[in-house]
Each structure stands twice: as C-alpha cells, then as structure tokens.
Amino acid sequence: MSNNLRINKNNFIDQTVRISFKFNGKKLFGYKGDTLASALLANNIHLVGRSFKYHRPRGIMTCGSEEPNAIVQVAKDPALTDPNVRATEIELYEGLEAFSQNCWPSVNFDIGGINNFLSPLLPAGFYYKTFMWPASFWEKYEFFIRHSAGLGKSPTKPDQDLYDHQYLHCDVLIIGGGISGILSAKLSAEKGLNTILIDDKSYLGGSTIYQDDDIFKINSETSNLWLKNQIEKLKKIPNLTIKNRTSVAAFHGYNYLLARENLTDHLGAHERKGKIRQRLLKIRAKKVVIATGAIERPLIFSNNDRPGIILSSSIKKYIDYYGVKTGENISLFTNNDSAYETAISLNKIGVKVKVIIDIRENPSSILSEKIEKIGIKILRGHTITNTDGYKRIKSIDVMKLSKDGENVVGNKTTYKCDCLGISGGWTPMVHLFTQSGGKLKFRNNDNVFIPDENKTPSEQISVGSSNGDFELDDVINNTIKKIKIFLNLDKNDYENLDIKCSKEKQKRNIWLLPSNKPISKSKPFLDFQNDSTAKDVKLALREGFKSIEHVKRYTTTGMGTDQGKLSNMHALGIIADTTGTNMGELGTTTFRPPYTPLTFGAIVGRNVGEFFDHTRRTAIHDWHVENKAEFENVGQWKRPWYFPKNGETMYQAVQRESKAARESAGILDASTLGKIDIQGEDASEFLNRVYTNAWSKLGIGKCRYGLMLNEDGMVYDDGVTTRLGENHYIMTTTTGGAANVLSKLEDYLQTEWPELNVYLTTVTDQYSTMSICGPNSKKIIKKIIPSLDLSDESFPHMSFKNTKIDNVNCRIMRISFTGEHSYEINVQSNYAKDVWEKCIEAGKEFNITPYGTETMHLLRAEKGFIITGQDTDGTLTPSDLQMDWIIGKKKYDFIGKRSLYRSDTIREDRKQLVGLLTDDPKEVLEEGAQLVESLEKPIDMLGHVTSSYFSPNLNKSIALAVVRSGKKLKGKKLIVPMENKNINVTITDTVFYDKENKRLNA
Amino acid sequence: MFIINCPYCGERDQTEFSCGGEAHIERPKQPTELSDDQWAEYLFMRKNIKGIQFERWNHIHGCRKWFNVVRDTSNDKIHAVYKMGERPPVK
C-alpha cells in the first residue's frame, strides 16, 4: 500500500484477499473486510467530498452511520447508481466504483469553492432573505437553486434489484451487538426465550471487540478476548437469530419495529445476481432491549472541518480494527479520557502522538498515567484556536484557556500535523427510545440526555452506553442488573465478574471553544453536512428564533442525511449558553424515523409494477381485449372505455357507438357495478331507512331506482334495487362506491338497528351484468330467449324475470341508464363470456355495437342522469340535483332526512345541478371549467361544469353543471372563461333528449 | 401500529381495522323532532380527547364486526374492548 499506512497486524481484515475498486475513476486496492472509508484512508485519501454550501474540502470524519462528510455516489449504471452512501458503512467489494458528490468539475478543483470566500455573504437564512424580491424573479432563482441544491444524483432508470418484506415475531428483540447487546442476547436466549439480535455492522462486538489493552480486563482476560469467547458461545444457542448488516429504522408503539437488512450490498456484481438486495423486516417483539451505543462528539473550534480531522475513537477503530493509520503525524484534542485510549493504540503501532491537548486542568486516571509513562506530551487546560491546511490539515494553533473557559490567554503555539483526533465526549443514541414514546432526562455532570426510567414505555429497556453508561464496569454491571429484572431471570454467571478498567476523574465541557479571534472572523462548524456554524446559531438567536425546532430549520443544523447525529448536542449547548437556559429545560428536537435513510426499494418491497395494486377484470375481459377495447381504470377495475374500429380516434368511436345504441342496439359490460344481496324479514324496512324513497309497497319482481344519502343529507350513492322475493332484494351500487356502501349498511345494521333481521352479502364478483339497449334490444332478447314473454304487460319497464338462456339461469331486469328500451342480463360469472358472445351473435343482424364507459356517460348525460362522484361531490342534496321527486316526504325517517331541512340545506342560493347549452353548438366545454356572469373584476365564480360531451344524437354540445341558485336561472346567459377565449352558454333543463321518456317503451 | 384484541377473532394488527370515531353516540330515534342545534350536536360534534377515549372500531379486513375500544390516545394503550350493545366499563 502507498505510504505504508496499512499495519500488518490484524484479526479482522483478511489481507490475503485483495480487492480492487475505483474512486473518482482512479483504480485503488483494499482488502476484504474494509469499508470504502478504511480503504481510502489506507491509500492516504482523506479528501472525499465538498461541503454543501461553501464547497469546502471535506474528509472522512467518523467510522459509522453518523458520518456527515464522506457520502459518495456508488456505481455508474443509471439504474443501479446509489446517491448519498456513507463511505464509512459500505463494505468494499471487487469492482466497487464510487464518486465524490457536490463538486464540479472535480473534488480537487471545485468551482463552487468560491462560496467559501463569499461565506460572509451567505449567513443563516440567506436563501429566505435573498430570493424574496422581486417576486416575479422566483422562476429564475429556482433554476439556479435547484441546480446547486442536493447532494447525490438519483438513478434515471428503473431499479433492477429485488427487495422483500418479512414479518418477524419474537419474545425479545435486542438492538445493537456491542457488549451490552451480546450479554443481553445471551441471557435472553439461555432462558429459552425466542430472541433476535440485530446489528448494523458485518461483525458483532461493537467497540469492545478491538479493545485489546490490558487496562481493560474481564476475569483476567483482555476485554476483547473475553467478549470474543462470549460471542462464540452465543452463536451456538439455537433459539437466537442474529441479523447482521441490519439497521433498525423505526420503533413504533406496541413494540413494532422496522429494520432494513442489507443482503447483497457488500457483494461484487457477479455474486448479487438473482438475490434479494435488501429486506424490510417488520418486527413484533414482546420485549425490546435497546443497546444502540453512543457516538463520539466532535469539538467546536475554528476550522474544525479540515480533511484529516477525525473523531478520536474512529482513529482508534481504523488502527485496531481495519489496521489503517490515518496519518503519520497525529495530534489529539479532547475534553475526556477517550483520546488517551486512541493514543495508546497509536503508540502500539509505533505512531507517537505529538501532543494531546486536553481542556481539563487535571485529568488524572489510569489512562492518563499510562500516557505519561509512554512520554506523550499533554497540554492541560489548553484549546485549539485555529487550524491550517486546505485539502488536508497541516497545523494547529494551541493556546491556554482562561480559568472560566471563556477566553484564551498567553501565546499561541503552532504544531504541525497531518491528522487531528478530536473527542468532545459521548452522546447516547436515544433515537429509537424517543421514537417509541420514551422521554429523556438531562444528566448535568457530563451533559447527556439519557432515557428517563420513569418515562419509558412498558416492555422495553435501554442498556449500555445508549443508557448513559460509558465505562466498562458500569456497562456490564448495569446491563446485567437491568436484564435480570426485565426478563425475570435467576442468578447468572455474569453477576460476579472481575472487571478492570480506567475511571474518568474529571469532566469539563465547553460547547463553543474560545479563540483569539472574534467569532465573526472564525469558522467553528457545528453541522458539517449542512455547513452551519456556531455563528449561524447565534445569528438565529439574535434574530429572535427561540425554539430549538425553529433554530434547526432556520440554520438547517441537524438536517440532511445524518440528521445531526454529530451536531445536535452542540447546537443545543450553544443555544443554552447564549440564552442562559438549562439544557434539560431546552429539550431536544424530535427524533423521527428512519434512524438511517431507507431506500425506496426496501420500502415498497415487491409492491411494484403489476403488484402495486390489485387489478380487477370482469369475466368478459378477454372478449374486450380480443375486440381491441381501450381500457379505463375505475377504482381497481379495468373497464372498456371505447372500442375503436379501423383506426378511429376516441371521439370518432364514441360518436359512432352512441348513435348505434340509439338507432339500433348497443351492449355494455356493466359487471363492475356493485351488487349486494339483501335478505331477511326486515329487508323492506331496512331499504326504507337507507334510501330516500319508499320501498314497502314495491311489488315482487319490480325494480326501483334509489338515492342513498349520508346523515348530513348529501347524496352518497345511487342505483337500482330489485325485489326478488318477499324478503329478498338485490341492490346495485356505483362501481366505485360498492365497498363503502356495503360497509356503511353493515355499520347501521350492527350498531344502530341491531333489531332488524337483515343479512347483507356482496355478490359483485359472483354475477356478471350485460346491458343491451336500443330500439332493437327487444328483438335480440327474443332471439336468445324465445320462450320469454316480452310484452309491456308481462314485462314492463322497471320489472324483472327469472329465466334461462339455454341452460344458464339468469335474471333479466328491464331497466335503463340510457333512456332507451333496454334489458340487463345477470348471469353467474362463469357463464358470462358465453352469454355475452350469444348476445353479440344474435345482435349481428341489428348491428349490435359494444360500447364502453365513455359512450355510457354520453348517453346518460343526454338524458340528464347523474353519475354520483362526477356530477356530485358530497356537497349536493337531492334537491340541489333537482331530484326532489325521489324524497319520500311521508316517510318518518331515513338516513339524512333530518339534514334536508337544516338552515344550510334549505338555502336557495346553494349550488344546483343545471343543463348548459353553448351558443355555438360545436363548442364542447371542458369539465371543471368555471362559470361566471360577467368578466368584470373581481369575478364572482358561480359554479363549474361537471359533465360535457358532443351529442351525436342531438348534433350539438351538451353539458351538466352546478351553479349557484341554478334552479332559478333557467334561460340565463353565462360565460365560461378559458385561457384563450370566453365561451357563451345558456342555462337549460338537465334533460336534453327524449324529455317525454317515449323511447323507454319504443 | 397497535394491536387490537377483536372480541370475535382475537389479537390482530391495527392495519386490519378501521376506526369509526367516538363511541356511544346514539342515532336519535326521532330526528324530525329535533331542533337544528340538537341535530347538529348529534351530526357534527365529537370529542377529541387526549387521554382515555371510547371509540368504535370495525374489523374491516377480518370478521367485519363493529365493537367498542377504550383507548388512551396519548400512548395508544388499549384498556378495554367490548361488543356493541354491551355496557362500557366504568370510567
């Protein structure tokens, strides 16, 4: 490896398997077990991206999911490319190709870098303040803002990968495979509980698994060896499932959790084929143990964002786990003992830390004593005031802190370095705890928010460092104590372990470290991904933002793909300090799912393409396909829209179909209409209560049109119901309303009228319906069923017959939605296509014309029949629709009756359904177009067009509309203003064709 | 995403159910005799409590039965489930 940054001592990286990969087009090598970040560092590459706003060079800063800077675009393929991937998390595989984001033309020379020098002009809220004026310029601004916003690039082609969803159930779910998670899992599984252990890494053991210093010992073994032993034993327990590379995204109530399991993201392209890429786990756990650990905080000082500045614990992991030196000349800056552990690890591989700058005055502990023995210089009570180096840190300026920590004193000393480790203490990962409804409490002595035991939802606990225990003995002892109670365990082996570790003696925390320069001349970065500085937060406070939620949004601190995992605590601290508030009272921003970003693929799983939603096809569907129907989606149904012949346009086909249906015969597949079978001795009374009109006197064998209201008096659904027997009806509903009508009727039967003896069954799919209409319909039915008496006396309009077509039982209703003489044939769906074909065959000599939904809509509009959901929108009463005739005024009650004479529903200036004719009969209105009386401003909107067609049978344009006080306005001229013209219309009656209904009996 | 113990089917996921709002609002027996205000009270007025609330639920993707649930809306804890027509547990 170049520069010999790889150390030849390692248990975790397989140095026998060399892997080649490309970064920004350059071929590089790493080893099996590397992440992209560790491989880049081994190649001495720190600079991986440019910052969001100022385009400052940024390097790898962490080794985990909290990484704010090292986010890259992976893969070139337009279908497979993945933006915003954290280099610290993606495992190296053969052929991996990654690119820097947010830079142009390259990460080394980025034009946007000029923003860094313009930064005094780009304070918090810059966009809000600048792009306000003039308003008409917004479209021009938008182009540039959109162009420069965002980090990665989305794929441009459909995702070819497979994703899955899986439901999991368990007694105990343990989130986190560090030492506290391992011990919890072991105790749970040994007790015989069905246990799942989830960890987001490829290995178990957290940070203890590479803690090999003899300061940390358990039962006289170093802590890493002891834990390794425990893991070996753990893996042998049968009732334990371990999910590696799995990240819990969300923790909902009732212990319902979502987790993303990565299955192939660490494999080379040839190994991925045919495999599922990611799986979304939907977990129901009886009990949950949160052992998500803690992440190290940075320190906030001027120019703390240069490539080469890395969290101190991450430097330790790169050495001890990945075997990679992050530099040759390293210094450390800390406010706690963690950096001393890093110094010890560095010392072991022969990198002597030049200086440790510690803001504490007297940090004495086992660790600091060892550092002194090694001979590393510790500058106590000092701080870094500035750093230098553009694409890599070159030096640091160090000064002494004043006693109160508010200022620096004395002279500055400059130290050269190529890497700086920083540690600002630890933040427990409480995201999942708060997502589940838990409340936090603030611990003053080390400034952490930890789960409040008294405000923890039932059936869950937090253990280990996510619970605020940071030292080995506390982690183990408290985890064991808590698990024992939580799982109701007897005595166990872990209760009397001999644990040796260092104990931290002194704590000191300064959220924003002082500098010898005024803050206006410094750049102390808080949120590295969003480029917001401590200055921005202070500016927001000066401008009057007080709530932490408002400061967050104004400065964008804590937003972005890392959601402020590193920055939130400092932002809170600086707000608390500046405003003189206690952090505990200030509270935190809300932690929302997902904890780390989820792919859309994992969210949708297999519900893509044809599996996105159910598709319902009628029993006659294949015939429609064979006969070249164009289909329309109606809810989940595929309905024939029109049947074009010889290259007809939709308009031409509909005109032809509509004329044929009135001149000779048309046939429609009406199977999608909802059908509800109603039986029981109170069926008639039930219908009386749900429809507006009277039903008791409807004779057996007769049909009646009914209008159903909501309790608020508004029209809900309509359809024809037929009385098949004394206590037996079949109700039809609209296609879209079928499921809701059934639910609504069930609701009333079960909850309001349990005394009624009525049973409802949906038979929509069991029966298929074909409607034959037109003056020749009677002749066609006669041909199919010669034995049936079709005379008006025996089979009048609005009546029904049970009969047979050949051997197939069928119900025939003489009802009409077109105004023509027509029949609806209902047969069991298995026979429907056969019967349909018989009708077509019999109708051939009469030019029977199949028509679709568009012609059906046109024909009914000619008659002024409404379509609920098109001409109505839940705000119209029967009276608004000029259908007062259908209200049973003598009926004591029905659903919605009382609402028909509320003060609002009896207003005369309600919107009411009317007909419209255009002055130019060729001009067809657009549905949804507004109606106005005059064009003088301000224009008063009177209503809108609900249905509009060119009627071939009337040879003119017709429309239905709802208009304020429309009933009184017959003959009134109105205007429909369109983009290019104004159309003059006249209000008419709603019935345009055959006003006397002569054709029903033609 | 809570779990509801359907009195007819047992414990099922919330996604199988639909909520029908506040429970124990009886449809007036003689709506025609009510004033506009009285009718509006029945029609529009619903409580929206933070805390213990009595609700109607329907096992719509299951047995399709309606029943009542006593739920704490602040934490979704379900305190009781009982059939239509049964007396609510004491508050």
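Tabulated values for the structure
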quantity: Which numbered condition A:ASP490 fails, given (1) part of a helix (DSSP H, G or I); (2) farther than 30 Å from B:ILE78 by Cα; calculated: (1)
quantity: Hits in region A:418-437 (condition: in a loop (DSSP other than H, G, I, E, B) and of a type in the set (S, T, N, Q)); calculated: A:SER436
quantity: Residue count, region A:710-742 (criterion: within 21 Å of A:ASP893 (Cβ to Cβ), more than 11 Å from every other protein chain (Cβ to nearest Cβ) and acidic (Asp, Glu)); calculated: 2
quantity: Spans of strands (runs of 3 or more DSSP E) in chain B with at least 3 residues within 13 Å of another protein chain (Cβ to nearest Cβ) and in contact with a His (Cβ under 8 Å, 6 or more places away or on another chain); calculated: B:66-72
quantity: Test: residue in region A:223-233 that is within 14 Å of chain B (Cβ to nearest Cβ), buried (at least 16 other Cβ atoms within 10 Å of the Cβ) and touching a Leu at 6+ places or on another chain (Cβ under 6 Å); calculated: no
quantity: Test: residue in region A:875-890 that is at pLDDT 95 or above, farther than 20 Å from A:VAL991 by Cβ and more than 14 Å from every other protein chain (Cβ to nearest Cβ); calculated: yes
quantity: From A:ASN303, A:ASN329, residue being within 17 Å of A:LEU566 (Cβ to Cβ), among the polar types (S, T, N, Q) and over 36 Å from the mean Cα position of the chain (by Cα); calculated: A:ASN303
quantity: Selected residue (only one of A:LEU47, A:LEU40 is over 21 Å from A:ASN347 (Cβ atoms) and surrounded by 24 or more Cβ atoms within 10 Å (Cβ to Cβ)); calculated: A:LEU40
quantity: Matching residues in region A:267-303 - criterion: being part of a loop (DSSP other than H, G, I, E, B) and out of contact with any Ser or Thr (no Cβ under 7 Å at 6 or more places or on another chain); calculated: A:LEU267, A:GLY268, A:LYS273, A:GLY274, A:PRO298, A:LEU299
quantity: Candidate set: region A:237-262, residues that are aliphatic (A, V, I, L, M) and at the interface with chain B (Cβ under 10 Å from one of its Cβ atoms); chosen: the one farthest from the chain's Cα centre (by Cα); calculated: A:LEU257
quantity: Unmet requirement for A:PRO796, which otherwise passes all of (1) part of a loop (DSSP other than H, G, I, E, B); (2) of a type outside the set (A, V, I, L, M, F, W, C); (3) within 48 Å of the chain's Cα centre (by Cα); calculated: (3)
quantity: Elements of type strands (runs of 3 or more DSSP E) contained in region A:308-358, each with 1 or more residues being surrounded by fewer than 24 Cβ atoms within 10 Å (Cβ to Cβ) and modelled with pLDDT of 95 or more; calculated: A:355-358
quantity: Selection count where residues are within 15 Å of A:MET569 (Cα to Cα) and free of Cβ contacts under 8 Å to residues at least 60 places away in the same chain, scope region A:539-555; calculated: 5
quantity: Conditions (1) crowded, with 18+ Cβ neighbours inside 10 Å; (2) among the polar types (S, T, N, Q); (3) under 25 Å from A:THR35 (Cα atoms); (4) not assigned by TED's automatic domain parsing to the domain that holds A:ASP536: number failed by A:ASN255; calculated: (3)
quantity: Unmet criterion (only one of (1) over 24 Å from A:THR733 (Cβ atoms); (2) crowded, with 19+ Cβ neighbours inside 10 Å; (3) out of contact with any helix residue (DSSP H, G or I) (no Cβ under 6 Å at 6 or more places or on another chain)) for A:LEU788; calculated: (2)
quantity: Among the residues listed as A:TYR415, A:TYR390, the single one being farther than 19 Å from A:LEU346 by Cβ, out of contact with any Leu (no Cβ under 7 Å at 6 or more places or on another chain) and either assigned to a strand (DSSP E or B) or touching a residue at least 12 places away in the same chain (Cβ under 8 Å) (or both); calculated: A:TYR390
quantity: Region A:743-777 - residue that is assigned to a strand (DSSP E or B) and more than 14 Å from chain B (Cβ to nearest Cβ) and, of those, surrounded by the fewest Cβ atoms within 10 Å (Cβ to Cβ); calculated: A:TYR767
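The values are calculated or read from the model by the stated rules, or taken from the named source; none is laboratory data. From a predicted model like this one, the values you see are computed outputs, not experimental measurements. Please note: Cβ atoms are built from the backbone with ideal geometry, for glycine as well, and neighbour counts cover all protein chains shown.
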